[in-house]
Structures are given as structure tokens and as C-alpha cells.
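Inspection log for the structure reproduced underneath, given as C-alpha cells.
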Amino acid sequence: MPLDSMLTTFATGVGLIGLCSAPALSSTVKRFTRRQERKQDVYEDEDGSATPESMAAYSAKIPKALVLTSAGVGLAVSTTLLVISSGTHGEPVLDGLGIGAWALLTLQAVSIASSRNSIQAYNLGLYTFLSSMILAGILIVRGTMIGESLLQSSRSIFTLRVVEVFASVALAFSGLALPRRPDVFYKGELVDRMYTNSAFSRFTYSWPTSILDLAAKKKDLDLKDLTRPDHLTRSDSVSAAWKKKNFKYPLWISLILAHKRALTIQLLLTLVTSVLNFAPQWVILQLLRLLERHEPGTSHGLDAWIWVGLLCLAIIVRSWVESYTIWLSYADLHIPVRAQLSALIFEKSMRRKDSKGAEKKKKDKFQEGGEDGSSEQQEEARAPVDEEEQLKKSKQSIVNLIGVDGKRIADFACYQYLFPDSLFKLIVSLAFLVSLLGWKALLAGFSAMIAIMPVNIYFSKRYANAQDRLMKLRDEKMEVVTEALQGIRQIKFSALEGEWEKKIGEVRERELSAVWSVFKNDTMLLACWITSPILLAALSLAVYAYLNSSLSPSVAFVSLGVFKALEMTLSIVPELTTDALDAWVSIKRIEQYLNSPEIIKISQDGEEVAFINASIAWPADEEIDEKDRFVLRNINVTFPKGELSVISGKTGTGKSLMLSAILGEADILEGTMQVPRAPPLLERHDDKANKSNWIIPNAIAYVAQIPWIENASIKDNILFGLPYDEERYHKTLEVCALTKDLEMLADGENTEIGANGINLSGGQKWRVTLARAIYSRAGILVLDDIFSAVDAHVGRHIFERCLNGELAEGRTRILVTHHVALCESKTKYLVELGNGGVLHAGTVAELRAKGILQEINSHEKAALGSDKADVDDLATAVNSEDCSEGEGEQDGEGTNGDGLKKVPPKPTAPARKFVEEESREQGAIRKHIYVTYLKDSGGWLFWVLAVVFFTVVQCFTLGRSWWLRIWTGDQETQEVHMHRAHSAAGVNGFTYTEGAHQTTLHTASWPTFEVQRTLPFYLGVYIALAIISSVLSTLKYFYIYTGSIRASRKLFAKLNFTILRTPIRWLDTVPLGRILNRYTADFNIIDSQLANSLSFGAGSFLNLISVLVAGLIVSPYILVLGSALLLICLHYALRYLDAARPVKRLESTAKSPVFEQFGSALTGVATIRSFDKAQVYVERMYRKIDDYSTATWHLWLFNRWMGWRLSLVGSFFSSSLAALILMNPNIDSALAGFALAFAIDFTGAVMWTIRMYANVELNMNAAERIIEYTKLATENLGGMRPPAAWPTEGRIEVDNLVVSYAPDLPPVLKGLTFSVNRNERIGVVGRTGAGKSSLTLALFRFLEAQSGSIHIDGLDISKIRLHDLRSRLAIIPQDPVLFSGTIRSNLDPFNRHTDEELYDCLERVHLIPPGSRSGSSTPTIREEQPSGSTGTTSPKLTLSTPVTESGLNLSQGQRQLLCLARAIATRPKIMVLDEATSAVDMATDALIQRSIRSEFRDATLLVIAHRLSTIADFDRVLVLDAGRVVEFGTPRELWEKEGGVFRGMCEESGERERLKGFIFGEGEASSSRE
């Protein structure tokens, strides 16, 4: 370089160093001109705060000392050089500039060392690094110019020059070694150290080393071992940041604006990468041109070795920028975007209107169906196609917004930089290729790509459509599976596992056909992506060779390398396009959800709860014609403050709707409503609550008709986040009759409850939710039908001690109940609903004076057929002032009167977990998982053929390049003299004998043809190889896809079979989200990702083999070097896998709680909002999202840790191979080009092989989780088949039956012995824990007998096939289970009955009025009207009336009646009823009791009763206590037994006379019941 240019370069460098010194100068001036700020005692920032321990551990003394030392040494050396330099050739000027540069660097060093602010010192260190590297670069350039002469003339000056370079490099890295801050903690947990450790640690991904060491030591990692997200990734922070910006744009624009900084940096890095990507190719081009000009046998000059060094540097720099771009994409985009969207969706679900009604469109469809069953089924089948409706209505589809759509958008946000990356790389590569090949050759190549483009576009569209269809089918599958799992008890009771297996299997087959459609279109896209670059290279080189009559190695192999880079660039565009389309669909789904209606304040603030000319309806998402809605009109009601008010009415009159309106969960169509304004949660200061300020008059608590209970302990469910007040808590347990229950539970109040209270009885669930409301601070209690699941005696206790006791004093209580007479004495205000509005409303005194109260009571009396005395007795059950004192509660769900006291403390042993933690495998995926997958996908033959197929494809890829080597090598030899050609051939022959035997082909082929004749031959073979490669490369993916579909089908079938047949206790103890995770997320991986991981992994591994083979041809030593480097790679890979495996498993298990919390909160959203706890649940969800983010963060952090280290190893391999080529002066440029073309891929090949192996392992984690579930123990499926007509009589004989819930638990039935005769009606009574439900479970063999037996019609049921047993018995459970669909699909899911038979069943349970079918195909819902009333506003109920998820568009009473109708349709010989009519009004109950007596005359009835009146006139009564039979006989025998248990229960029930009437058949009571 000329001296002037050197001076200019040096001066520019010093100028840049001066600019970098400005921040140091500024900070130094500020430090001396401003008063010194006092040093923080404890460091704190947005991420968290340091602890005294972390402050003490923080130290930057050593790096600061190194900075000062390096700067001092550099300044001293540069000054020395100026003094002793000879002064010739203008060097003093350059040395003077050098001193100036070092003086600036010393200023920076002093500023760093004197800074007391750690972050300021860290930032200054980055400027020092940049300055030092600029200086080091200048010094190295200058050193290459004068180095050789100095070495000969003055070794001391040469040594000082070297020391100066080392000092500048040392200063650079010392600047990077400054730690940024002490460890910080957020909520007591260590925050990730990316912004804590030094810049060197940050930019080389070294900060997780301690976690990697721990993983290697433990061979496992837990969530507590991982650091927590910083404020840029935490869900609460990113959600708050979003809300702060208050975007009003479409969601996609808002996302771009929210993350514009990260997107901008990503774009700039992409631009740099696109240039650096071709730097190694450019260096190789210079090297090959040197070799082409090089005379064989002579050694290479210094310039060649400089190019080798630059090759190493180019690969390192390119790898670092690429690696950092990937890391930034995940750390700053993927994880924050996913967390942000998940948080926003959940927050929205806590504010969103909870629409329950079916859409008008759907109703219209169903009502068009007419009477014809097939027509109805067609409509039913068509209904799920309406995606918007599914999205709005289905909770599972809403959960999918987080599980699928949010992840898709996050994935696209992460990878979208590849679009501009592809464009930039295309521009750079085109410029490179034009200079290399000329525009004509390039145009010819691109014409092939342009020809393929329409095919590409066509299949991209088809692929997008297939993906869209697949998404909808996955939603549909999720809904069907969720319904099956939610209704699994009913499915098992009815022995419908096979039918549901078929139903789920049909949806799965449709999903697999969509997956196959995706695979086929994906294969065609792969064909386009593979073929385009191969044809581009083949045609471009062909035209170039044709135009130039020759093809040199530098042109061929460098252009091939550029084409290969272009291949990756272009191949990703179509896939990215489909990902973009997927993300677009997802972003629209999420945007639609986020924009859906929210609950709005429908009431005005007022002192009392009041309705003023109000018309209300269930909430709907859009305008619906009022005639299609159930509306309560013209309500004028004011509930007195601090008093008990009762809302009554027949089944389906809108009682629950009225309560929902009070909670703000309904639509108000006209008029106004007043509700006292509750203070926000933050203003309640719950943590400071005490006895004096406990009640907040305007706060609301709600007990829903379907009890909503969390997966937590009983105590936590009752406290519901409030502080523990021992006196209030124990009083609450007492008044809610829970004391006895807790005494009987092994873990007492710490007993863990499964989701939705699955391990509690019906009555216990109601009483726990009631206790939650009573314990709460609410001054207004909204209670929906709390008496329906408890017997009369417990009802009396709750009424007296709970609703009217000390804890309810002064609180406004609004109660929905059918038991008006029971509540009359202490009720202040009464409302009766009917006929679409309020029939009567007023104070009890007013209604009594007007005679209306008697009319309301007469509705009960008429239905029950009892006289006034009976009703009075009924009322007395609750009204007696002293009846609860000292009385023992003996029946049903009762508790012992003298047991209503503080719960005695339980032993301090930890409570057993009902819901077990999700298990995680440890270490590598076990062999049998691979074996199972390989076997299910096609067996050993399939995979042996796959290996052969992939190997052949790789041979063709290697062969294509080798053919180029032969072609260019021959042409090279033909261009020189014949003698030299022979000589070169001999030398090459020697090289090949060591490396590969293809030499014979090479040396023998060139003399046979002249140049003009050989060109078509070479071209023809090259293009043929290219076409064969394209075809085979495409087919290999298609081949793997066929195996993938096969494995998916078999694994799903196995999982589905097993889950539907697992014991009920296992299903109760495993959260729904955990099982759903297997059915959805895990199968999505197996269906869509595993096949690609296997294909690309095999391709990468064979590519690595090709790289080593290519290197081996150059020198056998490369095998030694390659093996050593591979061992180093293996070391890093094993360390990576040790940490990545458990973290991937953690990611899988961290997903389930997100889904579980979301599903649970959606179910209980009305309760959560009524208690004003929405924000509490949002914060809980933040924690779960952060757990998920933590796992993903570390997964990619470990990936980058490995990737960067492998890049360094790879750069060493490439530069070593280049060095070996230079060391062998006889290697020709063709062979060098061939070897280097592959060597440059070493890093990529190793990294992709390891990454794909890890991907296969990590994706196999999904297979592992599924296979784990396929191996679960199922119920006993063996046994003999009973006779076809069995049971013909319905006789039951129980002999010394002993049963327990688990082998390690004590028996719940202890030697039970009794027998039931043909067609007998048996009532089963007993307190909680007596064994009533256990007897039912034993009868259906949910609990297997440990000893003893049950015989039905003489057959031992333990010897009979389960399916046969359960299908011949019937049960109507207390909790009615309905499935989404229609009335018909619920009554007769598998089309075994005619419409006539089904309408008959509906009439018999009084869901439709008798004879209403005549002349009409649409009978109306039963709505008995008072005399003089006209019509009803209730919608018509037909077999095609839609039923929403869990039947939520029907009342609890209607759901129970439908379950009863379903049982009647099956006509069983043995029927079990578990308080099956608890939620219907008294009148309907009386009618149903008549139906049961008339419909099941020819059946044996076992009725578990909470109301003694239900079974008082049965043939016999079975009284259980503590798992034993204490009495068994006719009601009369048991009544006449002085001191008997049954007699005592009747005496204490408060219904003594009425029960006596039933038992002795006195008066109308008996006749009416007959």
C-alpha cells in the first residue's frame, strides 16, 4: 500500500477512535463538574433488584486493571517506537498518529476504571473494544507491509510492533470483560444473566455455563434450576408495555410497532449477513485463481497464506453475525411476542362476554331439518364448518388461540427476517455471479427458475389451503376429545367407549387426510425448491461453458458454492410464504377474538339491587332476533338491603338468568338495573382485613348452579386468596356442614381437590362453593339453588345456621330455590318467575296479605298432592328454632350435629396430592421409544430402504461435484502442453491413490475426445446427474412422509383406545389439559415435524460424510484432523444434549399448566368475575406463561451456545484444509475447488447434523409422552359374554363385598351383604362417607371387589366383560352430562331409536307437554302456566334443538330431565338414580317421581336419596353407615323399629308426619304417588 494511502487509513482510524472516545470524555467531564452521586446501596433496575449477597459478589476490579494495564503498555510501546524509530519513509508521522490513538484509548481506560456506575463502565468498554479493534486492524495492515523487512533489519522494533498489536487486542477483550451489573432477583428468583455478565460472555453465549455444568452433573434440570425472564420477556411487562401504547391499528401493524426496535436491528443484521454470507466464497475464488496461476511443484507465497487466514476470519465473522441474528430473533421477538399474545388473549378472556346461547344461524339450520333424522344429522355434520361460530363458542378453540395461533405468529415474527435476507442475498449473489459467469449464462439459469415459478405459486396456494383445512380439523378434533374427556364418566357408565373411539377416530382420519394433503403439496414445493437451484446451476454453467468453450475450476466451484447458498436462500421463500399465510390466518383469528364484545357495565350504581322495567336475555356476541332468544321482560323488582330474598319459578323460567344479570353477565335489552358499586380489588386491602372491617357491603360473592372448584386444597378453595382468620374459617366450616366431611378425609382441610371437584360428592362440591361465598368479604351473596344437592336436614342446617346465622347477618342474600315453603319464615322478599317475566314480586308480608303466597305454595301442594299440614311440616323442617341443637344428622349429605365444631388438627404429614405432578423422563430418549416409532411407521424393511435411498441421493450430490472436478480438471490439463499434461496427470494419480480411486477415470478420459466433442458429453452427463438428483431428492421426502402418516395413525389409535379405557381414578387425578396436550400439541409434532426432522437430519449427516470424503481425497491427514475436530464437536454436542433434553421436556410440561389454567378459568369465568378476582387469575397466568418462556429461552440459548462453538471448530477445519492444499504444491485447482466447496460446509453440516439429531430427540419427546400413555393400565377388558337377554329379571345379590379405591387405601365398603328381588325399588340412604356412591361404583365395576361378590341374575359380575355389564345397566348421575350437538344426538347418539320413541321419552319426563306432537313437528318446551296465562316466550324444543358445550344453553333442571329421558330410551332391567332430580322444581319433581314409578315398573330401581320423601314409599330401604349395612327392610319395618337408624332419620328430618303418611299409605299422599 502506498505511503499516502497508509497515512489516510491511519488518520481515518484515529478519527474513528476519537469519535468512540467522545462518550468517555463526556462521562469524565460530568464526573468532575457535577457533584458525585452517592453510590447505590442496592442495585435496582427494571429487571429486578440485587441482594446484599449479589452486591458483595460483584466485582469489576480485575477487568478494569487489565484495561488500564493494556492501555498503559500500548501507550508506552508506541512512545518507545517513536523515539527509537529510524524516521525514514514518513514513519514518525504514522508513529505520531499511533501515539494519538493510544492516548485516546488511555483516556477511555481511565474513564472506565474511575467509573462507579457499572452499566456506564460496561458501555464504555464496548466503545473501547471497537476502538482497539480499529487500531489492531490498522497495525496488522501496516505490519504486513513492513514486517518482512523489519524482521531482517531490526528484530527489536519488529518485536515491539508485535507487542503493540497484542496490547491493542488485549485492550479490546479487556473492554469486553467488564461485568454489567450484580445478579438481580425478581420476586426472590434469579433473573437471566444475559444483561448481567460481561459483553464477552453475552456475545459468545457463555453466561449459561453454570446451568450446563449442573445439567452435565445431574443429567437433568428442573424449572427452579433455570433463571427467570427479564423485563423484556416477562409476560406482565410485555403486556403492560402493549397496553401503555394503546394501539388503535390492526393487530399485525400494532405488533410491528410494539417490536420495532428488535425488528430494525434484525433487519440491519440481515443486511450485513447477506454480504458476509458470500465472503468465504469470494476468498476461495481468490485462492483458486492463485492456484490456477500457480506452477506445479513450486511453493506458495505469503499472499496465499494471508488468504487462508482471511478464509478463517470470514467464516468466523459470518457465523457470529448469523448466530446473533438467530438469537435476537428468539430472545427479542419469538418469546416476547408469544408471551405478549398469550397474556393479551387470557386477559381478554377475563373481560370477554360469556355467550352461552347457540347462534341464530345454527338454530335456523337445525329447524329446517324437519322430522327426518338423516336431515338433522346432515345439518349437525355441517354445523362445525362455520369457523367463526366455533371460534366464539368453543372454549377449546379459544385455548387453541394460545396453543397454536399465538405460537404460529411468534414463529413467523422470529423467521420473517429471512424474507429480506433472501432478497439481499439474491442481489449480492447476482452481482457476484454476473462478475463470475456473465449476464447471458445467468439469464439462462434464471429462465429455468422462472419457468418453475408458476408451479411453485400453484402448490403454495394449495399448501396454504390444506394447512387452513388442517387447522379447522384440529380445532374440531380438540372439541370432540375435550367433550369425551369431560363426559368420560357418562361414557364409561353407558359402555360407549367403542362408539366414542370411533367418533374421535373419524375426526382423526379427516385430520390425517388433511395432513397427507399438506405432505403431498409440501412434496411438490420441495420438488420446486430442490429442482430450481440445481437447474439454475446446471444451465448457467452449461451456457457459460458453451459461450467460453471452457470451464475453469475457480468459476465452476465458486459459482457452485454461490448457487448452493442461493439454493438455501430461495428454498426457504415458498415455505416462509406458507408460514406467512398461516400466521396471517392466525393473526386474524386472534384479532377477531381480541375485538369480540366485552362485558360492559349494564347496571347503574345504587344502594340496592333493583330492576326497573328491565328486559334481560342471555348474552350474545352479535345482534340476534329477540324471537330466537329467551327474554325476561318488564322486570320491576327491588331486593331489600341486608335481607334474604328468594327467586322461585318452575324449571327453565329464567331464575339463573336473573342472577347473571345482577352479576353483569347478561344483556339488558331495555329498562335499567341498579347494583351497588363494589370497590376494585386493589382498594380492598384484603391482606389488612380483620373482624371489624371484614365485610365490604357492596362486594359480591356468587355460588353458581354448577359448582366451580379449582385444583387446590379444600382450605385454599374456601379462602380463595383471602387471609386466614381461624375463627371465621372454622365457623364457616360449621355452618356449611363441612366439619364432619373434613374429619373423614385423611388429609382434612388440606385434601387436594381435582379439577372441578372431581373427587368430591355432589353435596360436598356445593357446600365448598357455599363456604367460599360465606367466608368471603362480600356484603351481597348471590346463591343459585344451593339446596338441590343436600338432604332436607342439611338444608335446614344450612338455612338456619348459614343463610340466617351470624356470618350472614347484615348481608344481602339473593337465593334461587324451589323450596319456597322451606324459606318462607325468614324471607323478606319473594319473586316468582314464569311466562317470560315476573309473575309475582313483593315482600312476604305483602304477598301473604294478598293471598299470593298461598297461591305460590299451592303450586307445590298441587304437584305434591299433600294437604296443608304436609306443607306446614315441610316448612317446619327449616323453621323450627331449636331443631338443630343437639340433634344428630343421620342421612344423605348430612353431618353430625355434635360434630359441628372446630376441625381437630390433622397429623403434620404432608397432604397427599390428588393430582400428581406431570412425570418427566430423564436422560436420552429410551431405545424402545425409537423402536416403537420405527415399527409403527413401517418396520425395519421400510427404514433399511430409506437409508439406501438417502445414501444414493447423497452419492448423486457428491457425483455432481466430482463430475465438475473431472470436467474442469481435464480442461485445465488440455490447455497446457501435452508433456505437462502427462506430468500433471501422473502427480494427480499419486494423490488419488491415497485418497480415492477415481483417478483412473480422470486420467483416462481426457485424451479420448477433443475439446469441441467433449463439451456436449460433459454437459449432458452433468445435466443428467442434476435431473436425477432433483427427482430422487424429492422422492426421499415423499417416502418418509408415507411412514410418518402410518406412525401417526397407529400411535393415535393406540392412545385413543387406552385413554378411553383407563380406570376412572386415573382420569380423575390427571388434569384434562395434560391429556389434551398429548392429543393436540404432541400429535402436531409427530404429524408435521418429526418426518421433516428425520429427513433433514439424515440429509445433514450424509452431507457431513461427503465433506469428510471430499477432504480425504486431498490428504489422508484430513481424516485425523476431521476426527479430532469431530470429537471436539461431539463434546459440545453432548453437553448441549444433556441440558437441551430436560429443558425440552420442561417446555412440554410447562405448556400443560397454561392450557389447564386457561380452560379452568374459562369454565369459572362468571365466578371469578363475581368475586372480582380476574386480576388474580391474570397474574397466575403470567407466572405460567413465564415458566413456558423460561424453558423456550434456555432451549435456544443452549442451541446458540453450541452453534457458536461449532462455528469456530468449522472455521478451523476449512482453513486447515486450505492450508493442507497449499502445503501440497502438486494439487491442481480443480481438486482444490472440489475439496474447498465441501469443506466450507463443514460447520453447517456438523451443526445441522447435531441440531437435527437434537430435534429428532426433542421431537421424539412427544412420541415418548404419547407412548407413555399408550402403556397405561386399562380396566380389565377380559371376561365371558353373558346371554344376549341378560339380565332378564334384575335380581342383585351382594355377598360380603369389600372394596377400596386403591390397594394402599382402607376399604370403603366393609363386608356388605344384601339382596334385591326382581323389579324391587330400593332406596339407599346414609350420611357422607357411608358408601352410597362406592356401592354404585362397585355395581358398575369402577371399583373391583377385593373380596366378596356381586351377582346379577345369578351371574358373578366380576366374570363378565365390562362392556356387557355396563351396557345392560343404566344410571342417571347427580351431575347431568350432555354433549354438544342436538337433543337427538344426546338422547340417541348412535341412532338406535325412531323420532317417535324419542319424543315419547321427552313427554314421559315432562320436557314437552303430552300430546304436543299432534300436527306439529316442533313441540314446545314444557312451561306450565298459571291459570289465565297465555303462551310463553320460551323457544321451541325439538329433537333438532342445538345443545351447546356441556349443555350450558339449558337449565340444570332441563339437563337432568334429558339424562332421565336418555335412560328411559335404553329400557334397562336395572336402573340406578343418584339424586337425579335435585335441580328441578317441586312440581316437576313430583311428576318425574310418578314417571319413574310408571316407566320402570318392569325394572329394578336403586335410588340414592337425599330427600327421604323420595324413597319413603319404596319396597325396601338400605341404610349404610361407614361402609356397612346397618338396616335393610321395608320402610314400615324400619319405622316400627324403635331406636332404629332410619326411624331416627325420619324423626329428625322435620318431615315426620309427611313421611309417615307415605310409609303407611295414608291419605292422598299414597294415591297420588301411585
Sum of side-chain charges, LEU276 neighbourhood, beta-carbon under 15 Å (Lys, Arg +1; Asp, Glu -1): 0
Percent carbon-and-sulfur accessible area, the range 686-814, ignoring ligands, DNA and RNA, probe 1.4 Å: 47 percent
Nonlocal amide H pairs with ILE1372, under 5 Å, H built at 1.01 Å: VAL1472, LEU1473, ASP1474
Residues whose placed amide H lies under 5 Å from that of LEU1297, excluding near-sequence neighbours: GLY1311, LEU1312, THR1313, SER1349
Given LYS260/LYS1151; LYS260/LYS407; LYS715/LYS1173; LYS348/LYS407; LYS353/LYS828; LYS461/LYS564, the pairs whose alpha carbons are separated by over 23 Å: LYS260/LYS1151; LYS353/LYS828; LYS461/LYS564
Listed peptides 124-135, 320-331 by packing density, highest first (mean Cβ within 10 Å): 124-135, 320-331
Cα extents of the range 1142-1283 along the three principal axes, largest first (Å): 85, 57, 20
Accessible area in the full protein assembly, largest first, 1.4 Å probe, for VAL816, VAL543: VAL543, VAL816
Protection proxy ranking, peptides 1394-1406, 251-263, average beta carbon neighbours within 10 Å, highest first: 1394-1406, 251-263
Listed pairs LYS492/LYS655; LYS1144/LYS1271; LYS218/LYS1271; LYS30/LYS245 exceeding 31 Å between Cα atoms: LYS492/LYS655; LYS30/LYS245
List ARG1462, ARG848, ordered by accessible area with a 1.4 Å probe, largest first: ARG848, ARG1462
Accessible area (Å², per residue) of the range 612-686, counting only protein heavy atoms and a probe of 1.4 Å: 37 Å²
Cα convex hull of the range 531-597 - mean projected area over all directions, nm²: 5.5 nm²
Candidate residues LEU16, LEU1127: accessible-area rank, largest first, probe 1.4 Å: LEU1127, LEU16
The range 183-289, accessible surface, carbon-and-sulfur percent (1.4 angstrom probe): 65 percent
Per residue, in Å², the accessible surface of the range 180-293 once ligands and nucleic acids are set aside, probe 1.4 Å: 46 Å²
Cα centroid separation - the range 1322-1348 against the range 1229-1275, whole Å: 54 Å
Stretchable slack from ARG1281 to GLU46, in nm (0.36 nm times residue separation minus alpha-carbon distance): 437.7 nm
Local electrostatic count, ASP47, Cβ distance below 15 Å [Lys/Arg +1, Asp/Glu -1]: -3
Estimated vicinal HN-Hα couplings, Hz - the range 1235-1248 in sequence order (Karplus 6.51, -1.76, 1.60; Gly, Pro = x): 5, 5, 4, 7, 4, 5, 8, 4, 4, x, 5, 5, 5, 5
Vicinal HN-Hα couplings computed from phi for the range 503-518 (Karplus, 6.51 cos²θ - 1.76 cosθ + 1.60; Hz; Gly/Pro x): 4, 5, x, 5, 5, 4, 4, 5, 5, 5, 5, 5, 4, 5, 5, 4
Sparse-neighbourhood loop sites, GluC sites (Glu not before Pro) in the range 771-846 - DSSP loop, at most 11 other Cβ within 10 angstrom: GLU809
Packing rank of 547-556, 946-955, where each peptide gets the mean count of other beta carbons within 10 Å, highest leading: 547-556, 946-955
Length added when fully stretched, THR1313-THR33, from 0.36 nm per residue minus Cα-Cα: 451.1 nm
Largest-first principal axis extents, alpha carbons of the range 1043-1197, Å: 77, 36, 23
Vicinal HN-Hα couplings computed from phi for the range 1125-1131 (Karplus, 6.51 cos²θ - 1.76 cosθ + 1.60; Hz; Gly/Pro x): 5, 5, 5, 5, 4, 5, 4
Separation between Cα centres of the range 1013-1080 and the range 1137-1190, rounded to whole Å: 30 Å
Heavy-atom surface of the range 803-854, accessible at 1.4 Å and reported per residue (Å²): 34 Å²
Counted charge near GLY1311, where neighbours are those whose Cβ lies closer than 14 Å (Asp, Glu -1; Lys, Arg +1): 0
Rounded, prolate or oblate (a/c below 1.5 giving rounded, otherwise prolate when a/b exceeds b/c) for the range 660-785 by Cα gyration tensor: oblate
Förster radius 51 Å - calculated FRET efficiency between ARG1493 and ASP621, Cβ distance, rounded to 0.05: 0.70
Label-to-label distance, nm, for residues given as LEU268 and LEU669 (7 Å Cα→Cβ offset): 6.1 nm
Between the range 435-465 and the range 720-774, the alpha-carbon center distance in angstrom: 69 Å
Fully extended contour minus Cα-Cα distance, from THR1058 to TRP439, at 0.36 nm per residue: 216.5 nm
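The values are calculated or read from the model by the stated rules, or taken from the named source; none is laboratory data. Computed from a prediction, not measured in an experiment: that's the story for all the values here. Every residue, glycine as well, gets a Cβ built from its backbone with ideal geometry; the counts of neighbours run over all protein chains shown. Quick note on the areas: whole protein, heavy atoms, side chains included, nothing else; ligands and nucleic acids left out. Shrake-Rupley method; radii C 1.70, N 1.55, O 1.52, S 1.80 Å.
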